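To keep things clear, I will list the structure first and then write my remarks on it.
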Amino acid sequence: MRIMKTELRVLFFSPIAWMVLIVFAFQAGLAYCGEFSDELRNLAMGYKPFNTTVNLIGGYSGVYAEMLNNLYLYIPLLTMGLMSRELSSGSIKLLYSSPVSNMQIVLGKYLSVVVYGLILVVMLLIPMIFTIFSVKDADIPFMFTALLGVFLTVCAYAAIGLFMSTITKYQVVAAIGTLAVLAVLNFIGKVGQDIDFVRDLTYWLSISGRSKVFLEGMICSKDIFYFVLVIFMFLAFTFIKLQGERLKRSALRSCTSYVTVLAIVLFVGYFSSRPMMIAYYDATATKRNTLTENSQKVMEKMDGGLTLTTYVNLLDETWYNGSPEGKNYDMEKFDRYVRFKPDMKINYVYYYGPGTNAHYDKIYKGLSLKERMVKVCEGYDYDPEKFISAEEVSKMDDLSGENGRFVRIFKRDNGKKAYLRIYQDNFVHPFESEITAALKTLVDKSPMVAFVTGHGERGYNDYSEKGYAAFAQNPSFRNSLINQGFQVEEVTLSQSVPENVDVLVLSDLKSSLTSEEFANYNAFVERGGNLIILGEPKRQVYMNPLVEVLGLRFADGILVAPSKQYLDDIIAARITEGALNASLYFSQLIRRGYTVITPSACAVEVVDTTKGFKISEVLATNPQGSWIEYETTDFLNEKSTINPKIGEVEKSNSVMFYLSRSIKDRPEQRIFVIGDADCLSVKELSTSRAGLNGANFSMITEMFRSLSYDAYPINTDRVRPPDDDLYISQDAMIWVKIGFIWLIPLAIMVWSIVFLIKRKRR
C-alpha cells in the first residue's frame, strides 16, 4: 500500500496525469454529446428512438466504445515511468536493498495505475448518471456491464505497460514498447490461421474485440478469464524480470520462467474457452444477446449429437465467406447456439469444384479444376493438399443443387440434415430466423408445399418472369420457402394428393381439370388440406370450379385503378382488418400503410356462405378510382374509362380472401384465394414501384406462416426496448454540451493548477 500511495503521489505531482484526465474528460464529453445530438435529431425528424441506451453508451459508437478505442493513447503515458524512472535514476538499487519484496513492488506500482484507472471509470459514470435521468427506462445493468469492459481493458493495458517499463530505463521507449505489444495482441489473432491448434491459441491471445462483448451487454466467462490471465501473465513477467535482476539469475532460467508462465496462461485460457466451460450473463433489458424463446425451444429438443459442416469452394465467388483466416470469426456467428448446445461440433471442408467465379473462368481458361486450384493456392499461399475435389465432397454430402456456392449443413446423429445458405442481399449471412428454421426441421416436421402441374400452372422451379422460383426454391434468396423451413415439390392431380402434402398451390390454370383430377382435388379439400389458389383474368372459366366448392368465384373482367404513373391494371391493394384473422403480424403492415401490388388481377366474390368456412377479406381495392373493367384489354396503348351502362361500378372490390374451418381430428383448415397469380411471380417480386409501398414479400411470409400454424417462418421478433424516449429537448442540448465538453474539463484543469501550485509551495 505504501508503494501504491507513493506512486500515486508521484503520478499526480506530474502534469501528465492531469493532462490525461483533462483530455479524457473532453473527449468523453465530445463523444457523448455527439451521440446525444444524433438521437435528438432523429427524434425531431419523427423517428422513434430505439436502443437509446446502447447507442449513447456502448454499441459501436457510444461514449464507452469511443473511449475504449482511444485507451491505448492514455495508458502508456501513465505506465511508461513506473519502473523506467527507477532504472534511469538508479533508485531501483535502493528498492532492491530494502526489505520490500519484488511482489510488493509489482503489486504496489500496478495498483497505483489501477486506482488511476478507477478515476477514469468514475469520470465515465457522469454520462451514465445523466443517461439515467434523461432517457426513459434507461438500461442500467447494460451500462454497468459496458463500464466493466472498460475497466478490465484499463487493467490489462496497465499490466502490459508496467512490464514494458521494466525492460528499459527510457520512458519514451517504454511507452512505444507498450503500444507495440498492444498492436501485436490486436493482430495476433490472424497468425497461423491455417493450423487448427495454432489458430485457436493465437485467436485466444488476441485482445481485439474482447471488450466488444461487454459493450453489447454480455458478460462471458471466457472474456473475464482472458483479462484476468493477461493481467496475471504480464505481472508475472514483471516479477520474473525484477527477480532475475535482483538475484542475478541466468538468462536461461529467466527465459524458462517466461515460457512456463506463458504455457500456463495458454493452457488455462484454451481450457476456459471450451464451450462446455463458458458461462454467460445477458445484462440487457431485452436479452438482445440471447436466442429468442422460439429458438431456445428448438435447442431444447436437440438431444444427441449435432454437427455443423461448412463447405467452402475455393473456385467460387463466395469463397471469402469461409476462408481459413476468417474461420474463427465465422464460427462466432453460432456462439448463441453453442451456448445452448455446447457439444455441437463445427467443421469446415475446403474443396475445389465448378463455381460461379467468372474471373477465374476468364484468367484460367483451358486449365482443369485442379490446375485452377493450384494457381489460386499459390496466390493465397495456401497448401493445395488441404483442398479436396468436388467428387470427394459428393461422397460426404449432396451439394448438387448448390452450384458450388458456400453452404452449411446441420446434421444430427440420426442422419437428419438441413441446409443453411448465404444470400444475395446486403446482409449475406443468415439471421437467427433462418438458422433456427434449419435446426427446427431436424426436430419437427417440415411443411411440404406442393405445386400442382399439368395445366400450364406457374412452376416452383420456373425462373421466368411469371415463374414462382424466387419465393419457392431460390437458394440464394433469404425469404424463399426452402430457406425458411419448408419443403417444395410438384404434384399432379391425376392421382391422389400424397398424405405428406401440407399445402397445395394451384395457380393460373390454362385448361380445365379432368373429372378424375377434380375428384382428387375435392378429396384434398374434404380431408382438410390447406390451399393457395391464385386466379387470373381470362382464366375464370378454368379456375372457378376450384373456388366454387369453397363458396367463392373469380369475377369476370379485370380490376383497374387508372393513374398517371402506372398502367391502369396495376392495383395497389390495401390490406384490410380481416387479414388479422389469418395472421396477427399483418397488423404491422396495416399500421405502416403497406399495400400488395397485384398487376392484372380479377376480383374475388363470395357466392355461397353455406360451405362451413369462415371467410375474411384480406386484400381489397380502394373504393374510389377503382372498378372492374369489362371493355379495355390493351392497357399499354389504351386508357380505361368507367362505363356504368355495362355494369362497371366504382367501388371497393375484394382481391384476396382467407377461409378457415374446423375439421374433425385435424388442425384447422386454412385457404387463401387470390385474384392474381402475378403478385408472387419472379418479375413482381423483383420490381419496385415508387409511391405504391408494396409489401408482397411480407404477404407471402404471413400467408405461409398462417398455413403452417405459425411454425414457419420462425418468429424471432424481440420485445421493443423500453428506452424509447428522451427527456432533453434540442434547445437544452446547448447546456448539456457546455457542461460535458467545457465545464467538466475546465473544472479538472482548475483543480490541477491549484494542486500543482500548492505542491510547489511545499
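Computed from the coordinates by the stated procedures, all read-outs in this text should not be read as laboratory data. All values derive from a computational prediction rather than experimental measurement. We place every Cβ from the backbone using ideal geometry, glycine too, and count neighbours over all the protein chains shown.
Report, in deg cm²/dmol and to the nearest 500, the calculated mean residue ellipticity at 222 nm for the chain, where each DSSP H run with n ≥ 4 adds -39500 (n - 2.57) and the sum is divided by the residue count. Could you put the intermediate results ahead of the total?
Details: 29 runs with 338 residues, N = 762.
Calculated from helices alone, the mean residue ellipticity at 222 nm is -13500 deg cm²/dmol.
If you stretched the chain out fully between Ile734 and Asp361, how much longer would it get, using 0.36 nm times the residue separation minus the C-alpha to C-alpha distance?
Taking 0.36 nm per residue and subtracting the Cα distance, the gain is 128.3 nm.
For the charge dipole of the stretch 445-707, defined by +1 on Lys and Arg C-beta atoms and -1 on Asp and Glu C-beta atoms about the Cα centroid, which residue among Asn522, Pro447, Asn653 has the Cα displaced farthest towards the positive pole?
Pro447
Taking 7 Å along the Cα-to-C-beta vector as the label spot, tell me the Glu548-Arg274 distance in nanometres, rounded to one decimal.
If labels sit at Glu548 and Arg274, their model points lie 7.1 nm apart.
Using r as the Cβ-Cβ distance of Ser250 and Asp383, and R0 as 41 Å, what FRET efficiency do you calculate, to the nearest 0.05?
Efficiency computed from Cβ-Cβ geometry: 0.55.
Nearest 0.05, what FRET efficiency do Ser37 and Tyr329 give at R0 = 41 Å with Cβ-Cβ as r?
Values: r = 33 Å, r/R0 = 0.80.
Using R0 = 41 Å, I get an efficiency of 0.80.
Explain nothing, just the number: dipole magnitude of the chain about its Cα centre with +1 on each Lys and Arg Cβ and -1 on each Asp and Glu Cβ, in debye rounded to the nearest 20.
Using only the charged Cβ atoms, the result is roughly 4940 debye.
Only sites in a loop by DSSP and with at most 12 other Cβ atoms within 10 Å count here; which trypsin sites (Lys or Arg not before Pro) in the stretch 278-352 make the cut?
Filter output for the stretch 278-352: Lys301.
Across the Cα atoms of the stretch 293-421, what radius of gyration and what greatest pairwise Cα-Cα distance (Dmax) are found, in Å?
16.3, 53
Which option, (i) 0.99; (ii) 1.06; (iii) 1.23, is the value of Cα Rg over 2.2 N^0.38 Å that was calculated from these coordinates?
Recomputing Cα Rg over 2.2 N^0.38 Å here picks out (iii).
Using 0.36 nm times the number of residues separating Asp608 and Phe518, minus their current alpha carbon distance, what extension gain do you get?
Taking Asp608 through Phe518 to full extension adds about 30.5 nm, to one decimal.
Along the charge dipole of the chain, pointing to its positive end and built from +1/-1 on Cβ of Lys, Arg, Asp and Glu, which listed residue (Val560, Asn643, Leu546) has its Cα farthest out?
Val560
Under 1.5 on a/c is rounded, so check that first for the stretch 250-303, then, if it is not, pick prolate when a/b is larger than b/c and oblate when it is not; a ≥ b ≥ c are the square roots of the alpha carbon gyration tensor eigenvalues.
prolate
Work out how much length Thr6 to Tyr170 would gain on full extension: take 0.36 nm times their residue separation and subtract the Cα-Cα distance, in nm to one decimal.
In short, 57.0 nm is gained.
I need the chymotrypsin sites (Phe, Trp or Tyr not before Pro) found in the stretch 676-762, filtered to DSSP loop residues with at most 15 other beta carbons within 10 Å of theirs.
Values: sites: Phe697, Phe704, Tyr709, Tyr727, Trp735, Phe740, Trp742, Trp751, Phe755; in loops: Tyr709, Tyr727.
In loop regions of the stretch 676-762 (DSSP not H, G, I, E or B), the sparsely surrounded chymotrypsin sites (Phe, Trp or Tyr not before Pro) are Tyr709, Tyr727.
For the stretch 647-742, which trypsin sites (Lys or Arg not before Pro) are in a loop by DSSP, counting at most 16 other Cβ atoms within 10 Å?
Hits after loop and neighbour filter: Lys651, Lys664, Arg689, Arg718.
With r as the distance between the Cβ atoms of Val122 and Ala263 and R0 = 25 Å, compute the FRET efficiency 1/(1 + (r/R0)^6) and round to 0.05.
Efficiency, rounded to the nearest 0.05: 0.10.
Note down the magnitude of the dipole of the stretch 293-421 about its Cα centre, charges +1 on Lys and Arg C-beta and -1 on Asp and Glu C-beta and zero elsewhere, to the nearest 20 debye. Spell out each step's value before the answer.
Details: 22 positive and 22 negative charges, 85 e Å.
Roughly 400 debye for the stretch 293-421.
Along the Cα→Cβ direction, 7 angstrom out, place labels at Ala44 and Ile590. What is the inter-label distance in nm?
Distance between the two pseudo-spin positions: 3.6 nm.
Mark the label point 7 Å from the Cα of Asn643 along Cα→Cβ and return the residues of the stretch 522-566 whose backbone N is within less than 14 Å of it.
557-558
Label-point separation (nm) for Ser494 and Ile663, each offset 7 Å from Cα along Cα-to-Cβ?
Rounded to a tenth, the inter-label distance reads 2.5 nm.
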